[in-house]
1. Within the range 125-133, identify whether any single residue is in contact (Cβ under 8 Å) with a residue 12 or more places away in the chain, surrounded by 14 or more Cβ atoms within 10 Å (Cβ to Cβ), among the small types (Gly, Ala, Ser) and outside any loop (DSSP other than H, G, I, E, B), and answer yes or no.
2. Do we find that Ile67 is under 30 Å from His25 (Cα atoms) and either in contact (Cβ under 8 Å) with a residue 60 or more places away in the chain or part of a helix (DSSP H, G or I) (or both) in this structure?
3. Restricting the search to the range 1-13, which residues are surrounded by 12 or more Cβ atoms within 10 Å (Cβ to Cβ) and either at pLDDT 75 or above or closer than 21 Å to His138 by Cα (or both)?
4. Could you check, for the range 134-143, whether at least one of its residues is buried (at least 17 other Cβ atoms within 10 Å of the Cβ), within 15 Å of Pro105 (Cβ to Cβ) and not small (Gly, Ala, Ser)?
5. Quick one: what pairs do we get from the range 92-105, first residue closer than 13 Å to Tyr159 by Cα, second modelled with pLDDT under 95 and aromatic (Phe, Trp, Tyr), C-beta under 7 Å, 6+ apart or different chains?
6. Test each condition in (1) hydrophobic (A, V, I, L, M, F, W, C); (2) part of a loop (DSSP other than H, G, I, E, B); (3) in contact with a Gly (Cβ under 7 Å, 6 or more places away or on another chain) for Val34 and report the one that comes out false.
7. Quick check on my filter: what residues within the range 14-36 are touching a Lys or Arg at 6+ places or on another chain (Cβ under 8 Å) and crowded, with 16+ Cβ neighbours inside 10 Å?
8. Looking only at the range 70-91, filter to residues that are assigned to a helix (DSSP H, G or I) and touching a residue at least 60 places away in the same chain (Cβ under 8 Å); which one of those is surrounded by the most Cβ atoms within 10 Å (Cβ to Cβ)?
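The values are calculated or read from the model by the stated rules, or taken from the named source; none is laboratory data. Note that the structure is a prediction, hence the values are computed from the model and not measured. Glycine gets a Cβ as well: all are built from the backbone with ideal geometry, and neighbour counts include every protein chain shown.
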Amino acid sequence: MKIYTKTGDKGQTSLFGGKRVPKHHLRIDAYGTVDELNSYIGLIRDQDIDKQSIDTLIEIQDRLFTIGSILATEPENTKVKVPQLNSDDIVLLENEIDVMNENLPEMRSFVLPGGHTIVSYCHITRCVCRRAERIISHLAELETVDEIVLIYLNRLSDYLFILARKIVVDKAVDEVPWVARI
């Protein structure tokens, strides 16, 4: 199979099911941002982190491909079968958040992203996740989007924040609180 088809050379692409849309279509922006998010998750996974986090990140990457499939399919198209998210996918994130959070110091303020390269990668990834959530929220105002997609991404950004805090502890680096100048 050739990787290039030349069918997108004029700024159009196909959704699953065949409908042609411009490459700047909000649906394309949505699943493109989820793809970007998935790549950043891979960057975190490739770092020196614990096996449990790596296993969870692999699971998350699989779910992000599922979300991409959902977003790449016209909502009206019932002929195309795509994988689906379910509540267990959200529960997994919540359970991982709870387990990590048990060993973290109490948060008393916002924290400045950084302190270690891996922590910074987590915060960048969290921001991309939030952007994907904003784009998909906008799409959901215009077209049908299963609300579980937004719930999953919202929980994923929480997971990434807590993962960053866990890595601060694991790497024994300082978490710098934000102190507002008032």
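1. First, the residues of the range 125-133 that are in contact (Cβ under 8 Å) with a residue 12 or more places away in the chain: 125-126, 128-133.
Then keep just the ones that are surrounded by 14 or more Cβ atoms within 10 Å (Cβ to Cβ); that gives 125-126, 128-133.
Imposing the further condition that a residue be among the small types (Gly, Ala, Ser) reduces the set to 132.
From what's left, outside any loop (DSSP other than H, G, I, E, B): 132.
Yes, the range 125-133 has at least one match.
2. For Ile67, the condition - under 30 Å from His25 (Cα atoms) and either in contact (Cβ under 8 Å) with a residue 60 or more places away in the chain or part of a helix (DSSP H, G or I) (or both) - is met.
3. Keep residues of the range 1-13 that are surrounded by 12 or more Cβ atoms within 10 Å (Cβ to Cβ), which gives 8, 12-13.
Listed by number, the residues that qualify are Gln12, Thr13.
4. Just the residues of the range 134-143 that are buried (at least 17 other Cβ atoms within 10 Å of the Cβ), to begin with: 135-136, 139.
After this cut, where a residue has to be within 15 Å of Pro105 (Cβ to Cβ) as well, the list is none.
No.
5. none
6. Failed condition: (2).
7. At the first step, the residues of the range 14-36 found to be touching a Lys or Arg at 6+ places or on another chain (Cβ under 8 Å) are 14-15, 17, 21, 33.
The answer is Leu15, Thr33.
8. Applying the first criterion (assigned to a helix (DSSP H, G or I)) to the range 70-91 yields 70-71, 87-91.
Cutting the leftovers down to touching a residue at least 60 places away in the same chain (Cβ under 8 Å) gives us 70-71, 87, 89-90.
Details: Ile70: 22, Leu71: 29, Ser87: 10, Asp89: 20, Ile90: 17.
Among residues in the range 70-91 that are assigned to a helix (DSSP H, G or I) and touching a residue at least 60 places away in the same chain (Cβ under 8 Å), the one surrounded by the most Cβ atoms within 10 Å (Cβ to Cβ) is Leu71.
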